[in-house]
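J.: Structure below; questions to follow.
The values are calculated or read from the model by the stated rules, or taken from the named source; none is laboratory data. Everything numeric in this text was worked out from a predicted model, so none of it was measured. Don't worry about glycine lacking a Cβ; one is built from the backbone with ideal geometry, like all the others, and counts go over all protein chains shown.
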Amino acid sequence: MSLATRAGWTIERNLNQPLSLDWLAEACGVSRFHLAHAFGDATGRSVMRYVRSRRLSEAAKRLAKAPCDVTLIDRELKDWNDFIDAAKNEASGKTSLLDDPSELTGLYFWANGIPWTTTDPDDLAAAEAFLVDLAPHISAFDSYPGGSAIPQATQMLMQAYNGDARLGILESPDPERWKFVLGSPATELWMDNWAIAAGAPNPEAAHAFIDYVLAPENALAELDYIGYDTGAKDIQQVAADAGLPMLDLVFFTPEQLATMEEGELTEAQERVVQIWNATKAAAGA
């Protein structure tokens, strides 16, 4: 058995334990210098980079639009009603919601089988009553918890966008403490677009920029950076071939896509914003 193989075997057997280069070298009966060079020559990566990659891969397998700290929430969260119940109980005071009016009211509507674009006054009044009641349990309204709340573990439970959650988990010093659950029975579907306004100056430069972004190598780098499906040709297979981690948070199955609802700007938008403001006021935000 080669040294690199022996080190890999030792890593797999102790993946859930604290690991260091010194400990692994001692376990393999060689110096840290010898192990680092032998492993790098055989695999093309450092020992600890390999450890991190394997831990991320194992964490991705357990991922089921809400990251939760599995070291503090020890039950399975399957849908929005489970999320809400946890927010009122073990995650009370350590839960954040997206700082967006439609996403906030969507939490209530998705959990109760109501279209999140409803304009029914009774539906909107019920959403407001529910969210104002939930507000004392909410510690933050944060649209990008992946920037600090997830890596620093300042919250236990978060409503989050999938790409942002993925980045936060990847940046976490302990990614295995986080689990991402796709909101159900329904959640949102949205898409950003590249567009050139009619009459815009320098359209050739704009086209060149879009072509640059859509080039396969750049599309892959963008996907890894933002954590969202860019829609570029064959991007899912390209990302898988490149070994990018946590692709379950980037690409969704047809069954999952069927649960996602498009948004719509309706005459109720002003009312939705009023509910958003009332909820934040009740939370003291």
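J.: Kindly list the number of the only condition in (1) surrounded by 13 or more Cβ atoms within 10 Å (Cβ to Cβ); (2) part of a loop (DSSP other than H, G, I, E, B) that fails for residue 192.
T.: Going through (1) surrounded by 13 or more Cβ atoms within 10 Å (Cβ to Cβ); (2) part of a loop (DSSP other than H, G, I, E, B) one by one, residue 192 breaks only (1).
J.: Of all residues in region 12-31, how many are modelled with pLDDT of 85 or more and part of a helix (DSSP H, G or I)?
T.: Selection size over region 12-31: 8.
J.: Next up: Taking into account only those residues within region 212-251 that are of a type in the set (Phe, Trp, Tyr) and over 16 Å from residue 191 (Cα atoms), which is modelled with the lowest pLDDT? Working first, answer last.
T.: Residues of region 212-251 that are of a type in the set (Phe, Trp, Tyr), as a first pass: 212, 225, 228, 251.
Now drop any that are not over 16 Å from residue 191 (Cα atoms), which leaves 212, 225.
On the way: 212: 91, 225: 87.
The qualifying residue modelled with the lowest pLDDT is 225.
J.: Taking the conditions exactly as written (under 19 Å from residue 104 (Cβ atoms) and not in a helix (DSSP H, G or I)), does residue 261 satisfy them or not? If you could, list the steps in order and put the result at the bottom.
T.: Working: under 19 Å from residue 104 (Cβ atoms): yes; not in a helix (DSSP H, G or I): yes.
Criteria met by residue 261.
J.: Taking the residues in region 215-236 that are under 16 Å from residue 194 (Cβ atoms) and touching a Gly at 6+ places or on another chain (Cβ under 7 Å) as candidates, determine which candidate is surrounded by the most Cβ atoms within 10 Å (Cβ to Cβ).
T.: Filtering region 215-236 for residues that are under 16 Å from residue 194 (Cβ atoms) and touching a Gly at 6+ places or on another chain (Cβ under 7 Å), the one surrounded by the most Cβ atoms within 10 Å (Cβ to Cβ) comes out as 228.
J.: Within the set of pairs 6+ apart or on separate chains, which have a first residue in region 163-191 that is over 20 Å from residue 83 (Cβ atoms), a second that is among the acidic types (Asp, Glu) and at pLDDT 90 or above, and C-beta atoms under 9 Å apart?
T.: Every condition considered, the pairs that remain are 191/262.
J.: Next question, about the same structure. Can you list residue pairs whose Cβ atoms sit under 7 Å apart, with the first residue in region 103-121 being within 17 Å of residue 66 (Cα to Cα) and the second being among the aliphatic types (A, V, I, L, M) and not in a helix (DSSP H, G or I)? Count only pairs 6 or more apart in sequence or on different chains.
T.: Close Cβ pairs satisfying both conditions: 104/97; 104/98; 107/97; 110/186.
J.: I've got another one for you. The conditions are (1) small (Gly, Ala, Ser); (2) surrounded by fewer than 11 Cβ atoms within 10 Å (Cβ to Cβ); (3) within 16 Å of the chain's Cα centre (by Cα), and residue 284 fails exactly one of them. Which is it?
T.: Only one criterion is unmet by residue 284, namely (3).
J.: Select from region 237-255 the residues that are surrounded by 14 or more Cβ atoms within 10 Å (Cβ to Cβ) and either in the same structural domain as residue 182 (by TED's automatic domain parsing) or part of a helix (DSSP H, G or I) (or both) and list them in ascending order.
T.: 238, 239, 247, 248, 249
J.: Return the residues of region 133-154 that are over 14 Å from the mean Cα position of the chain (by Cα) and within 21 Å of residue 183 (Cβ to Cβ); say none if nothing qualifies.
T.: 133, 134, 135, 137, 138, 139, 140, 141
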